[in-house]
1. Given (1) surrounded by 18 or more Cβ atoms within 10 Å (Cβ to Cβ); (2) of a type in the set (A, V, I, L, M, F, W, C); (3) outside any strand (DSSP E or B), identify the lone condition not met by Ile63.
2. Any chance the stretch 284-294 includes a residue that's in contact with a Leu (Cβ under 8 Å, 6 or more places away or on another chain), of a type in the set (Ser, Thr, Tyr) and outside any loop (DSSP other than H, G, I, E, B)?
3. If I filter the stretch 202-212 for residues that are within 21 Å of Met178 (Cβ to Cβ), hydrophobic (A, V, I, L, M, F, W, C), in contact with a strand residue (DSSP E or B) (Cβ under 7 Å, 6 or more places away or on another chain) and at pLDDT 95 or above, do I get at least one hit?
4. Would the stretch 29-46 turn up any residue that is touching a Pro at 6+ places or on another chain (Cβ under 6 Å), part of a strand (DSSP E or B) and either more than 21 Å from Gly82 (Cβ to Cβ) or of a type outside the set (D, E, K, R) (or both)?
5. Given Ala76, Ala99, which one is touching a Leu at 6+ places or on another chain (Cβ under 8 Å), farther than 23 Å from Phe296 by Cβ and without any contact (Cβ under 8 Å) to a residue 12 or more places away in the chain?
6. From the list Glu33, Glu50, exactly one residue is acidic (Asp, Glu), under 12 Å from Asp157 (Cα atoms) and surrounded by 17 or more Cβ atoms within 10 Å (Cβ to Cβ). Which is it?
7. Suppose we filter the stretch 5-26 for residues that are at pLDDT 95 or above and either of a type in the set (D, E, K, R) or outside any strand (DSSP E or B) (or both); how many remain?
8. Could you say whether any residue in the stretch 228-250 is in contact (Cβ under 8 Å) with a residue 60 or more places away in the chain, buried (at least 16 other Cβ atoms within 10 Å of the Cβ) and farther than 25 Å from Val9 by Cβ?
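The values are calculated or read from the model by the stated rules, or taken from the named source; none is laboratory data. Every value quoted in this text rests on a predicted model; they were computed, and no experiment measured them. Note that each Cβ is placed from the backbone with ideal geometry, even for glycine, and that neighbours are counted across all protein chains shown.
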Amino acid sequence: MRDEVVIEVQDLTKRYGKITAVVGISFSVYRGEVFGMVGPNGAGKTTTIECIEGLRRPDGGSIEVMGLEPQKDGYALRERIGVQLQESSVYDQIRVCEAMDLFASLYPHSVEWMPLLERLGLADRCKASYKSLSSGQKQRLAIALALVNDPEIVFLDELTTGLDPQARRAMWDMVRQMREEGKTVFLTTHYMEEAERLCDRVLIIDHGKIVALDKPEKLIASLGMETRIIFTPVGPMEPAALEAIPGVSRFESSGERVTVYAQEIAVLGELLKAAEAGGWKPRHLRTEEPTLEDVFLALTGKEMRD
C-alpha cells in the first residue's frame, strides 16, 4: 500500500563535535515507493541514511523503520532491510560465490543468489576473488549482497557511482523491478537524471536541512523555469526577429550560439516560421526542458563544495 508509512523520521539531529551535520529534519517514506535523497557534498545525506539504518546513533529526534527503532531493534531490523553502503569492501581473497554464501548464512531467510549475480552481470565472476574485481564489479557485488536476504526496504547509497553507462542503466532497471516487486527503495545519488527518472519523490537536503520534498515533476514545475531553444543562426538574423516572436521571454548570444527562453515549447514552431520568413536557418538546433538538476542548482547554489 503506497499510503503505508514504513520510515518515519522526526526532528533528526546529528552532530560531529561542533558541527551539526543534520539539523532537526522530518520526513516519511511510504511502502513501495522509490524515495530519493539528493544534496551537495557534506549536505548530510549519508549521515541521515546511516542513522536510519542504525549504523549511527542520532543526537536528537526519533526514527522508526517498519515500527522498529534502529538503535533498539537493530538485529530485527537488519533481517528486513538491505544496505548497499557508499563505500564497502570484503576480504580481498574471498570469492564472489563465497561472499554470497557467507552473507546468505547470516539471515534466517535468504534467496537463491545465483539469479542475483546473473541479473547483475556477475555470474561469470562467481569463482573470482574480490580483489580481482573491477571497481564497477565490486559495486555490483555490494548490491547483490544487499539483496540476498530479500529485504522489504533497500537502502542504496550512491548506487551507480563508478559504473559505466550500460551498467548504470541496468541498475536503473533493477530498481524499477524492485518497485514492481513491492519493495521500498531509499536512494541517495549525485546524479540528478537518476533521481528524476527513478524516484517517486525526491528530498533535497542542504547544510543538514530539507530545502524541498516532492515529486520530481512538481519540483521542476514549482520554479516556473523556462524551456531553452539553442541554435546557431546561418544567414542574416536580426535580434528584432526574435523579440517579435510571441512567447519569447528573452534571448542571449554567446559567440555564434543563440539561446531563446520561453515558457512553452510551442514557441519553437514560431521561431522556425520567423527564420523562414527572415531568410536564415537555425543550425545545430536543440531544445532543453527544465530538469531536476536546474531545481537542485537553484536551491543549493552552483559553487563547488568539498
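1. (3)
2. Yes, the stretch 284-294 has at least one match.
3. The answer is yes; a qualifying residue exists.
4. no
5. Ala76 is the lone residue from the list that is touching a Leu at 6+ places or on another chain (Cβ under 8 Å), farther than 23 Å from Phe296 by Cβ and without any contact (Cβ under 8 Å) to a residue 12 or more places away in the chain.
6. Glu50
7. Within the stretch 5-26, residues that are at pLDDT 95 or above and either of a type in the set (D, E, K, R) or outside any strand (DSSP E or B) (or both) number 4.
8. Looking for residues that are in contact (Cβ under 8 Å) with a residue 60 or more places away in the chain, buried (at least 16 other Cβ atoms within 10 Å of the Cβ) and farther than 25 Å from Val9 by Cβ, one finds at least one in the stretch 228-250, hence yes.
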